[in-house]
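Take a look at the structure below.
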Amino acid sequence: MTASILQDEKLMELKNTIDEFKDKEGPLMPIMHKAQELYGYLPVEVQEYIAKALDIPLSDIYGVATFYSQFTLKPQGKNTIGVCMGTACYVKGSQAILDEIVREIDLKPGETSDDFNFTLNATRCLGACGLAPVIMINDDVYGRLVPSDIKGIISKYRTK
Amino acid sequence: MEFYRSHVLICGGTGCHSSGSADVMEVFKTELESNKLENEIKLVQTGCFGLCAIGPVVIVYPEGAFYSKVTTDDVPRIVSEHLLKGRIVTDLLYHDSVHDDEAIKSLDEVEFYKKQKRLALRNCGVIDPEKIEEYIAFDGYKALGKALLESTPEEIINIIKASGLRGRGGAGFPTGLKWEFTAKAEGDKKYILCNADEGDPGAFMDRSVLEGDPHAVLEAMTIAGYAVGADQGYIYVRAEYPIAVKRLNIAIDQAREAGLLGKNIFGTNFNFDIEIRLGAGAFVCGEETALIASIEGKRGEPRPRPPFPANKGVFGKPTLLNNVETYANIPQIIHNGADWFQSVGTEKSKGTKVFALGGKVMNTGLVEVPMGTTLREIIYEIGGGIPDNKEFKAAQTGGPSGGCIPAEHLDTPIDYDSLARIGSMMGSGGLIVMDEDNCMVDIARFFLDFTVDESCGKCPPCRIGTKRMLEILNRITKGQGEEGDIEKLEELGKNIKASALCGLGQTAPNPVLSTIRYFRDEYEAHIRDKKCPAGVCQALLQVLIQAELCKGCGLCVKVCPTDAISGERRSPHVIDQSKCIKCGACMEKCPFKAIVKG
């Protein structure tokens, strides 16, 4: 595992980012963003690598990784479904939308399907309040939803 | 410079973008090319127009034709009829943008814009945010020139102080004082920060400013750098805002290239540069000391103040931190003077405030009004009222830190102080309208759920106290409320407000306390009668088919996700309560309104 994760071109890219920020003030967050973007999550081997490169304790990296909700320690699914639970969406029925998705793909918020096709998240406000209630699948936004819309939308992302 | 006979402005704000404005833009491009119009008509992707509810929005000048809900199918008609033949496609125009005789209204005559005053949003929906030339053409960077070439740092601070501008992030601290404290702080190095970690659910004005007018923020931060003696700025922006980040990066590059950021700006010996730092999804990082910790690469935990950031901020150096909307006002104040800004607003709150109007209101979107405008004007005149003839119940301002304002206060002129008096707060400007179908206990529970999740865990009142409050609220909404629960919530709330470390904890009880203050009867109905009057709390209600209204059409059977509905065709159906999950899908589908929650 260690060897396969660390010996590839992703690592080179991460190394470039580390070199870019290493001598700047507050380098950790930009580097971790890059790592999360490259690997889709933060494997412990990557955290160890960053710790060594910046000469800071691994516990610091782990502390930061677990504090922020955008960093994750688990691999994510191919399609990420984010159900907006901001206030505007909530008062317009996002709970019913979430419930419907939970039934449709049989995952709870925060879970990833066994085949790694879906990850379901109940997200913070997506800032598209004018279209409430809103969900986002990868980069696609679906707005003004009612529960009966869900089945059709999800089916577009099922593995064929 | 090229001249065009028409300009087509396409809204590229978040709302319209989500409704498909990028595709509309693409089709415009190909249609213009195939009609050989690309050298006569200019396409401009702008920031937010404000009226997200009817997006994607397209405005064609010089006529000012306001097209709403434009689809890719509509574009060929607009191009061939309007742009080629000069015949406006009236059936695609926004209904309130034309007079009865089909003549086009100017934008200030449209009900949605009539009472608005766009200062912070001045350029949003007007210029192309990815072109520095357009910003400069609208007086951009003039204020910076005036500051650097004609004013001393003290004079700049005095103008900001005299303008009466207060922090738009929510607390309303006088901006000029903050600048003065940072300017007077001792230090070899100082920093300018911009708080663009807009975390309040339901607020997206900072996002719209960054996406629609990024140079205004850069210009303001540079002016601030000159005023307090800093040469480095950071913009801390939510990672959830990719378009804002992209446009900021473009703007920074253009400003550097034009010599408006970097060394010897305007030929003076003043140097200033700006970098972007991304947040990573932590609401508490909107608090200034937590934001500073996050920029330093640490867990975003707040620390006690003093020392204030003005004396000891990022990397231990004196730091000035303002919010995006606050900065967006700065260049115009320098440009037009303190008296000009003073003339708008109320006695203690000057200028305007941008609100993100959402929830149960017709015209959802972004509105900017002078301080002192009433809630009624915003909701009923600008917002167009509540849809489906429902009754207004409350307006929520200030997000998880604010409160719910009932109908009796609809005529309160809104400013920092009046909102605080009625148990809410300005906050960053989310304004969510709720109607009779929203349960106020459930809303209080919703906000507490948010705060508990976002509490950083450093101080016990917030970490443990809000959790206890949430447990009580969960019990109440599940029908397990007990006598004394309301009093317990009030006591806990008061203690948390008094003892929590940072603004997040100190304001977390507000949604609960304000709903108890104005909607105590709803809490009592949940606790004593085990009823949810609004029909929201699922444990307290049943979905029932009224036999006398049911025609047995069977539509509800098809839509029910748990097969809980059964019945013969053309005769009344029934719901099996053991299977029903109360999702309400059947109610939504029933053409005869025969299904009710009770």
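Evaluated against (1) assigned to a loop (DSSP other than H, G, I, E, B); (2) surrounded by 15 or more Cβ atoms within 10 Å (Cβ to Cβ), B:L544 falls short on exactly one condition, (1). The set of residues in the range B:357-374 being part of a strand (DSSP E or B), touching an Asp or Glu at 6+ places or on another chain (Cβ under 6 Å) and within 14 Å of chain A (Cβ to nearest Cβ) is empty. Contact map, the range A:39-64: residues that are assigned by TED's automatic domain parsing to the domain that holds A:K15 paired with residues that are among the aliphatic types (A, V, I, L, M) and not in a helix (DSSP H, G or I), Cβ distance under 7 Å, separation 6+ or inter-chain. Pairs shown: A:Y41/A:L73; A:L42/A:L73.
Every residue, every condition in (1) within 23 Å of B:S97 (Cβ to Cβ); (2) in contact with a Lys or Arg (Cβ under 9 Å, 6 or more places away or on another chain), yes or no:
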{"residue": "B:E2", "(1), (2)": "no, yes"}
{"residue": "B:V8", "(1), (2)": "yes, yes"}
{"residue": "B:S18", "(1), (2)": "yes, no"}
{"residue": "B:S21", "(1), (2)": "yes, no"}
{"residue": "B:M25", "(1), (2)": "yes, no"}
{"residue": "B:E31", "(1), (2)": "yes, no"}
{"residue": "B:S34", "(1), (2)": "no, no"}
{"residue": "B:E38", "(1), (2)": "no, yes"}
{"residue": "B:C48", "(1), (2)": "yes, yes"}
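The residues of the range B:425-451 that are out of contact with any strand residue (DSSP E or B) (no Cβ under 9 Å at 6 or more places or on another chain) and in a loop (DSSP other than H, G, I, E, B) amount to a single one, B:C439. Among the numbered conditions (1) assigned to a helix (DSSP H, G or I); (2) under 30 Å from B:I405 (Cβ atoms); (3) hydrophobic (A, V, I, L, M, F, W, C), the only one that B:V354 does not meet is (1).
When B:D139, B:D108 are checked against the criterion of being over 20 Å from the mean Cα position of the chain (by Cα), in a helix (DSSP H, G or I) and surrounded by fewer than 19 Cβ atoms within 10 Å (Cβ to Cβ), B:D108 stands alone in meeting it. When B:N322 is tested against (1) surrounded by 24 or more Cβ atoms within 10 Å (Cβ to Cβ); (2) within 14 Å of chain A (Cβ to nearest Cβ); (3) of a type in the set (S, T, N, Q), exactly one condition is not met: (2).
Looking across the range B:375-405 at every residue that is farther than 19 Å from B:M205 by Cα and among the β-branched types (V, I, T), the one that is farthest from the other protein chains (Cβ to nearest Cβ) is identified as B:I405. Taken residue by residue, the range A:117-131 has no member that is within 11 Å of chain B (Cβ to nearest Cβ), β-branched (V, I, T) and more than 13 Å from the chain's Cα centre (by Cα). Number of residues in the range B:416-440 that are within 19 Å of B:K390 (Cα to Cα) and either buried (at least 24 other Cβ atoms within 10 Å of the Cβ) or within 11 Å of chain A (Cβ to nearest Cβ) (or both) equals 9.
Of the residues making up the range A:6-35, those that are outside any helix (DSSP H, G or I), under 25 Å from B:R299 (Cβ atoms) and either out of contact with any Gly (no Cβ under 9 Å at 6 or more places or on another chain) or not charged (D, E, K, R) (or both) number 5. One residue is enough: does the range B:50-63 have a residue meeting the conditions among the aromatic types (F, W, Y), closer than 19 Å to B:T90 by Cα and not in a strand (DSSP E or B)? There is no residue in the range B:50-63 that is among the aromatic types (F, W, Y), closer than 19 Å to B:T90 by Cα and not in a strand (DSSP E or B). Looking across the range B:447-492, the residues that are without any contact (Cβ under 8 Å) to a residue 24 or more places away in the chain, in contact with a helix residue (DSSP H, G or I) (Cβ under 8 Å, 6 or more places away or on another chain) and hydrophobic (A, V, I, L, M, F, W, C) come down to B:V452, B:I472.
So is A:G82 of a type outside the set (K, R), out of contact with any His (no Cβ under 6 Å at 6 or more places or on another chain) and under 30 Å from A:L131 (Cα atoms) or not? So A:G82 passes the test.
Has the range B:282-300 got at least one residue that is over 16 Å from B:V237 (Cα atoms), more than 10 Å from chain A (Cβ to nearest Cβ) and not aromatic (F, W, Y)? No, there is no match, as no residue in the range B:282-300 is over 16 Å from B:V237 (Cα atoms), more than 10 Å from chain A (Cβ to nearest Cβ) and not aromatic (F, W, Y).
With respect to (1) assigned to a helix (DSSP H, G or I); (2) closer than 26 Å to A:K156 by Cβ; (3) touching a Gly at 6+ places or on another chain (Cβ under 9 Å), the lone exception for A:D60 is condition (2). Identify the residue in the range B:188-205 that is of a type in the set (D, E, K, R) and more than 9 Å from every other protein chain (Cβ to nearest Cβ) and, among all such residues, is farthest from B:L248 (Cα to Cα). Filtering the range B:188-205 for residues that are of a type in the set (D, E, K, R) and more than 9 Å from every other protein chain (Cβ to nearest Cβ), the one farthest from B:L248 (Cα to Cα) comes out as B:D188. So which residues in the range A:78-93 are more than 10 Å from chain B (Cβ to nearest Cβ) and either more than 14 Å from the chain's Cα centre (by Cα) or in a loop (DSSP other than H, G, I, E, B) (or both), if there are any at all? If the condition is that a residue be more than 10 Å from chain B (Cβ to nearest Cβ) and either more than 14 Å from the chain's Cα centre (by Cα) or in a loop (DSSP other than H, G, I, E, B) (or both), then A:K78 is the only one that fits.
Counting only residues that are within 15 Å of B:C124 (Cβ to Cβ) and either surrounded by fewer than 22 Cβ atoms within 10 Å (Cβ to Cβ) or among the aliphatic types (A, V, I, L, M) (or both), the range B:22-70 holds 5 of them. A:D114 falls short on exactly one of the conditions (1) in contact with a Pro (Cβ under 8 Å, 6 or more places away or on another chain); (2) part of a loop (DSSP other than H, G, I, E, B), and that condition is (1). Just a yes or no: is a residue in the range B:493-508 buried (at least 21 other Cβ atoms within 10 Å of the Cβ), under 26 Å from B:F392 (Cα atoms) and touching a residue at least 12 places away in the same chain (Cβ under 8 Å)? Yes - at least one qualifying residue is present in the range B:493-508.
Conditions tested, residue by residue: (1) within 17 Å of A:V141 (Cα to Cα); (2) among the hydrophobic types (A, V, I, L, M, F, W, C).
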residue	(1), (2)
A:G63	no, no
A:F67	no, yes
A:K74	no, no
A:Y90	yes, no
A:V102	no, yes
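Scanning the range B:449-471 for residues that are among the aliphatic types (A, V, I, L, M), surrounded by fewer than 20 Cβ atoms within 10 Å (Cβ to Cβ) and under 30 Å from B:L541 (Cβ atoms) returns a single hit, B:V452. Every residue in the range A:99-116 that is of a type outside the set (K, R) and at the interface with chain B (Cβ under 9 Å from one of its Cβ atoms), please. A:D99, A:E100, A:E104 - these are the residues of the range A:99-116 that are of a type outside the set (K, R) and at the interface with chain B (Cβ under 9 Å from one of its Cβ atoms).
The values are calculated or read from the model by the stated rules, or taken from the named source; none is laboratory data. Keep in mind that this is a model prediction, so the values were computed, not measured. Cβ sites come from the backbone with ideal geometry, for glycine too, and all protein chains shown count toward neighbours.
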